[in-house]
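Quick note: the coordinates plus some simple rules give every number you see, no bench work behind them. This one's a predicted model, so the numbers in the text were calculated from it and none came from an experiment. Every residue, glycine as well, gets a Cβ built from its backbone with ideal geometry; the counts of neighbours run over all protein chains shown.
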Amino acid sequence: MTAKMTPADIEAFLHAEFPQAFRTGGDISIESADGRSCRMRQRFNERMLRPGGTVSGPTLMALADFAMYVVLLSAIGPVGLAVTTNLNINFLRKGAAGADVLAEARILKLGKRLAVGEVTLLSGESPDPIAHVTATYSIPNA
């Protein structure tokens, strides 16, 4: 599958359509997106932590959902009204305080109305996932 949007195209689209998501600055970046997979990075910030010094579940869920949206945009183009219909997350281990969180998303099935994908979340340089996510997105009629 050929990408319909590059990482730069996706960032421009997101800044135009969802400026509220970027009020805190450049905490999240798209490192790659090719129509089948993407890699994103959320730079560490103390706001990510929950009591006990671990990365919070809402931080991980939001990054996973965002990564799934980015990989979908790279596959189908600028469809702002594609929405999450299901997101399931399994927390596997503690995300380290002080480490960036990486999201590696890939599309498992892309249909006309639904897309199913998975996201692996990593902490810093560790190869061991901190969470595994499956998600389904609804794609509106053209």
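The mean of 1/r over all distinct Cα pairs in the stretch 61-142, once inverted, gives the Kirkwood hydrodynamic radius of 13.0 Å. Among all the lysines, which ones have a C-alpha under 18 Å from Lys4's C-alpha, if same-chain residues fewer than 8 places away are not counted? Qualifying lysines at Cα under 18 Å: Lys109, Lys112. How big, on average over all directions, is the shadow cast by the Cα convex hull of the stretch 7-138, in nm²? Approximately 7.4 nm², given one-decimal rounding. Model label sites at Arg113 and His15, defined 7 Å from Cα along the beta-carbon direction, differ in position by 3.6 nm. In this simple spin-label model, placing a label point 7 Å from the Cα along the Cα-to-Cβ direction at both Lys94 and Asp34 gives a separation of 3.5 nm. Ranked by the mean number of other Cβ atoms within 10 Å of their residues, highest first, the peptides 115-128, 42-55 fall in the order 115-128, 42-55. Considering the zone a paramagnetic label at Asp27 would reach in this model (a point 7 Å from Cα along the Cα-to-Cβ line), which residues of the stretch 93-108 have amide N under 12 Å from it? Those under the cut-off are 101.
Peptides 67-74, 130-137 ranked from most to least packed, by the mean per-residue count of other Cβ atoms within 10 Å: 67-74, 130-137.
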